[in-house]
Amino acid sequence: MKEGDVMNVNEIKLKTIYELLGEKFIVPYYQRGYRWTKEQVEQLLKDIWEFSEKNKNENEFYCLQPIVVKKTEEHWELIDGQQRLTTIYLILRFIELKLLKGETLRTDYGKDIFSIDYEVRENSKEFLTKVAYKNQPDDNIDFYYISEAYENISNFFDYPNKFNRSKLDDFLKILLNRIKVIWYVVEEDADAVEIFTRLNIGKIPLTNAELIKALFLNSSNFPNSDKEQMRLKQLQIATEWDEIEYTLQKEEFWFFIFDENNKIFSGRKYDTRIEYIFDLIKKRPKDAEDYFTFFKFYEELKTKDIETLWKEIKRFFYTLKGWYEDNEFYHLIGYLIATGKEITSIKDEYDKKTKSEFREYLKKEILKTINKGNQDIDEIIRIIRELEYGNKNVKNVLLLFNILTLLSNKGANIRFPFDRYKKEKWDIEHVFSQTDIELKGKALKEYVKLILEFWTGEKIETKQLDSNTVNELEKKIEQRDSKELRVSKELFKNLVKIYNGYSNTNELFDETKEELIKAFQEEKIEDRDNISNLVLLDVGTNRAYKNAFFPIKRAIILEKIKSGSFVPIGTQNVFLKAYSTRFDNIMFWTKYDAKDYLDAIIETFNLFFNQSGDENE
């Protein structure tokens, strides 16, 4: 069974522990015996008691993990949930002995504790029923863990000191009536061993999506349909479910609607991505219990028929798909999601606004990502001009600038790739090099390597440069010498010494630094941390080349573009000097280039946010 597949299900529902009383379970041969530790037993007891203390409302319940069973002639074959069910049995047995003083639950509750038998574990059932009267055995590992668990239960309650008769009675009522399990019955022809292997050996628990699918396809949802009609309706839901999942598995669509850094969904994995849609529909809180979304749909199906509910789910999904297919909504909503806006709040506004009203709403929300207080465009422009490296809004402005650049080009069929932006991790990079940063060790060696490779056009693969290699590299520099490449022999030899680990490497580099700046004709930009000297670049490239001179960075960026790597359009244009109004030297970055770049950002913002809604139609 593949992860994400749903087991053939005959029934799925929530059952109280009381509803399990009187049932007969059997642990099949393919399972190990009882192995819960002291910590696991105590955690279950604490969870139940803390729930009862915090939730006095009788309608509230606490749900345990699923119990997966298969019906046999005389028993329920216990495929998954043996450890929890055995622990609950031991708790009930303890309370029965202490509280009822020899009487059984049947006296007060009309039913006995459920029984647990074992297909191959001799005497385990008998030991389980008489565990309170047995000494801890030395020769049976199953009996040892059962005895330890019972002892831990006894210590937890510490009857009658910690839990007196009244308190123990309250606990029993909570356990029986307000603790529930997800009761998952697989079909009689299902392969129980395969299901067990998937759930236990593979450690792949049932997901909300699997439980919801089983819930939706439950035969009880089609009370007025004959067998053939029911089968066709189930098939329709299953087919449409698969179509939705297929669309969600497309990375371009998935990363348009999903951001793993979102404060609510951070850390959640969606192997079955339709589960994310269900979480959105039910507005799952950040700290919700595991099966929160399943419970919500379970309750909703008590008052709503499956066909109506499924139509609502499809309508929600196709709204998101409609945004994706609308070029303007794709970019504006994609930006908002990428900067932390909750998609459900966007959807709520969409449902109650006209298209033009919704567009204006999006614009205002976008401006809030730059300045929460005043969304006046002139104020926003003033803030942008003053943005400095380290301000979190720099990344938002640069991301938005790249998106609006693409959006403003009506004739181009190019979309911003949110999938690559999110998967490849993008950060802020200086255009003008940070030449006063101290470099030592490997970082210095790599820095010098980049310069030598740029000057010579040759890749340096060796850790040391021998005399023959040095001579060859020197010839390459002489062949490439021009007004844009001013490399003295002394400077070249000093860099070779630094690369080879000359004894006074750091001192030599300090002496060489000024000459390097002259060789690269770097014109110092006073305000190099201003946004006019910053671009978006992937983290890998940023880390490797952050201290390199502009021509080196430019060559690397052009190589990435040529190889088909994603480089944001704004970053491309900066290193191509497409925003610059001076063309006297394309190889170097000056204060004039920085000013032209900032002007391009401002113009792009002004054009978009000052245009009327009609211009977008």
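The values are calculated or read from the model by the stated rules, or taken from the named source; none is laboratory data. This is a predicted model, so every value here is computed, not measured. All Cβ positions, even for glycine, are placed from backbone atoms using ideal geometry, and neighbour counts span all protein chains on display. Accessible surface is based on the protein model in full, side chains and every heavy atom, while ligands, DNA and RNA are left aside. Shrake-Rupley method; radii C 1.70, N 1.55, O 1.52, S 1.80 Å.
Report, to the nearest whole %, how much of the accessible area of the chain belongs to carbon and sulfur atoms, 1.4 Å probe, protein only.
Carbon and sulfur atoms account for 45 percent of the accessible area of the chain.
Hey, if you put +1 on the Cβ of every Lys and Arg and -1 on every Asp and Glu Cβ in the chain, which of 150, 238, 558 ends up farthest toward the positive end of that dipole?
Ranked along the dipole, the leading option is 558.
For residue 106 and residue 466 in the same chain, what is the full-extension length gain: residue separation times 0.36 nm, less their Cα-Cα distance, in nm?
120.5 nm
Of all beta bridges DSSP finds with both residues in the chain, what is the antiparallel percent, to the nearest 5?
60 percent
If you take all C-alpha pairs in the range 330-468, what percent of them are over 22 Å apart?
On the way: 5507 of 9591 pairs.
Counting pairs separated by more than 22 Å, the tail of P(r) holds 57 percent.
Placing unit charges on C-beta atoms (Lys and Arg positive, Asp and Glu negative, everything else neutral), compute the dipole magnitude of the chain about its Cα centre in debye, rounded to 20.
Here the chain has a charge dipole of around 620 debye.
Starting from the Cα of residue 162, step 7 Å along the direction of its Cβ; do the same at residue 125; then give the gap between the two resulting points in nm.
Result: 3.3 nm between the two label points.
Can you give me the relative contact order of the range 256-359 as a percent, contacts being Cα pairs under 8 Å and 6 or more apart? Mind showing how you got there, number by number?
Values: 48 pairs, mean separation 39.8, N = 104.
Relative contact order here is 38 percent.
For the range 177-271, which GluC sites (Glu not before Pro) are both in a DSSP coil and crowded by at most 12 other Cβ atoms within 10 Å?
On the way: sites: 187, 188, 194, 210, 228, 240, 243, 245, 251, 252, 260; in loops: 187, 188, 260.
Counting only loop positions with at most 12 other Cβ atoms within 10 Å, the GluC sites (Glu not before Pro) in the range 177-271 are 187, 188.
In percent, how large is the relative contact order of the chain, given Cα pairs closer than 8 Å and 6 or more residues apart?
Result for the chain is 13 percent.
R0 = 35 Å: FRET efficiency of residue 315 with residue 391, Cβ-based, nearest 0.05?
Once rounded, the FRET efficiency stands at 0.30.
What are the GluC sites (Glu not before Pro) within the range 268-311 that DSSP puts in a loop, where the Cβ has at most 13 other Cβ atoms within 10 Å? Don't jump to the answer; show the numbers that get you there.
On the way: sites: 275, 289, 299, 300, 307; in loops: 289.
Of the GluC sites (Glu not before Pro), the ones in loops of the range 268-311 whose Cβ has at most 13 other Cβ atoms within 10 Å are 289.
Applying 1/(1 + (r/R0)^6) with R0 = 60 Å to the Cβ-Cβ distance of residue 372 and residue 443, what FRET efficiency is obtained, to the nearest 0.05?
Result of the calculation: an efficiency of 0.95.
At 0.36 nm per residue, and after removing the present C-alpha to C-alpha distance, how many nm does the segment from residue 328 to residue 511 gain when stretched out fully?
Computed gain between residue 328 and residue 511 is 60.5 nm.
So which GluC sites (Glu not before Pro) in the range 356-452 pass both tests, a DSSP loop state and at most 11 other Cβ atoms within 10 Å of the Cβ?
Passing sites in the range 356-452 are 438.
Just report the Cα centroid separation between the range 209-227 and the range 86-115, whole Å.
With the range 209-227 and the range 86-115 each reduced to a Cα centre, they are spaced 35 Å.
What size of dipole, in debye to the nearest 20, comes out for the range 212-256 about its Cα centre when the only charges are +1 on Lys and Arg C-beta atoms and -1 on Asp and Glu C-beta atoms?
In total the dipole reaches around 280 debye.
Any idea how far apart residue 154 and residue 602 come out in nm if each label point goes 7 Å out from Cα toward Cβ?
Here the answer is 8.2 nm between the modelled labels.
For the range 379-410 and the range 19-59, compute the distance between their C-alpha centroids and round to whole Å.
54 Å
How much mean residue ellipticity at 222 nm does the chain get from its helices, if each DSSP H run of length 4 or more adds -39500 (n - 2.57) and you divide by all residues, to the nearest 500 deg cm²/dmol? Write out the running numbers ahead of the final one.
Details: 28 runs with 332 residues, N = 617.
-16500 deg cm²/dmol, from helical runs alone.
Of 215, 262, 589, which is farthest towards the positive pole of the chain's charge dipole, taken about the Cα centre with +1 and -1 on the beta-carbons of Lys, Arg and Asp, Glu respectively?
Farthest towards the positive end: 589.
Points 7 angstrom from Cα along the Cβ direction at residue 595 and residue 230: gap in nanometres?
My value for the distance between the label points is 7.9 nm.
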